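Engineer: This is the structure I have questions about; it appears just below.
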């Protein structure tokens, strides 16, 4: 990635990443020993890298912001007493509602957050270039974190 692309990424992600609610994702474990915040930062970086490398020309702000907020559900999904539902099927909606409650998110950003679990959530496929990129980046990061970072 070019220096200019890295700077643009930092300018877009900075205000959200420094927000106390987003920083709070560091309290929750996502996969193995990776926190939800670390995972979301990885997905945002990979999403941006995919877009840049393949020249997909997505909306950089929507792509990076929604990638960072895609798992903004704010609970410990490992604690079945606190959250007994099937996390994989429900957390995208919780993350979207939290994103809307805490930040001014666009319709496109909401769609990306809600659809990132496709195809597990068959009724909610990505409807934008940004949605497809975040969905792919999330699967790649999740697989690596689950299998290799323990």
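Engineer: When you go through 29, 43, 34 one by one, which is the residue that is over 19 Å from residue 136 (Cα atoms) and in contact with a helix residue (DSSP H, G or I) (Cβ under 9 Å, 6 or more places away or on another chain)?
Structural biologist: Values: 43 fails: over 19 Å from residue 136 (Cα atoms); 34 fails: over 19 Å from residue 136 (Cα atoms).
It is 29.
Engineer: Now, a different point. Within segment 72-93, does at least one residue satisfy the condition of being modelled with pLDDT of 95 or more and within 29 Å of residue 10 (Cβ to Cβ)?
Structural biologist: Taking segment 72-93 and keeping what is modelled with pLDDT of 95 or more, we get 72.
Filter again for within 29 Å of residue 10 (Cβ to Cβ), leaving 72.
So far as segment 72-93 goes, yes, one or more of its residues are modelled with pLDDT of 95 or more and within 29 Å of residue 10 (Cβ to Cβ).
Engineer: I'm trying to understand the selection: among the residues of segment 101-142, which are in contact with a strand residue (DSSP E or B) (Cβ under 9 Å, 6 or more places away or on another chain) and either modelled with pLDDT of 95 or more or surrounded by 23 or more Cβ atoms within 10 Å (Cβ to Cβ) (or both)? Working first, answer last.
Structural biologist: First, pick out the residues of segment 101-142 that are in contact with a strand residue (DSSP E or B) (Cβ under 9 Å, 6 or more places away or on another chain): 141-142.
The answer is 141, and nothing else.
Engineer: Testing residue 124 on (1) over 14 Å from the mean Cα position of the chain (by Cα); (2) assigned to a helix (DSSP H, G or I), one condition comes back false. Which one is that?
Structural biologist: Every condition holds for residue 124 apart from (2).
Engineer: Residues that are buried (at least 23 other Cβ atoms within 10 Å of the Cβ) and either under 16 Å from the mean Cα position of the chain (by Cα) or in contact (Cβ under 8 Å) with a residue 12 or more places away in the chain (or both): find the helices (runs of 4 or more DSSP H) completely inside segment 1-97 holding 2 or more of those.
Structural biologist: On the way: elements: 3-17, 20-23, 36-54, 60-69.
Where helices (runs of 4 or more DSSP H) fall fully within segment 1-97 and carry at least 2 residues being buried (at least 23 other Cβ atoms within 10 Å of the Cβ) and either under 16 Å from the mean Cα position of the chain (by Cα) or in contact (Cβ under 8 Å) with a residue 12 or more places away in the chain (or both), they are 36-54, 60-69.
The values are calculated or read from the model by the stated rules, or taken from the named source; none is laboratory data. Here the structure is a predicted model, which means the values were calculated and not measured. Virtual Cβ from ideal backbone geometry, glycine too; neighbours counted across all protein chains shown.
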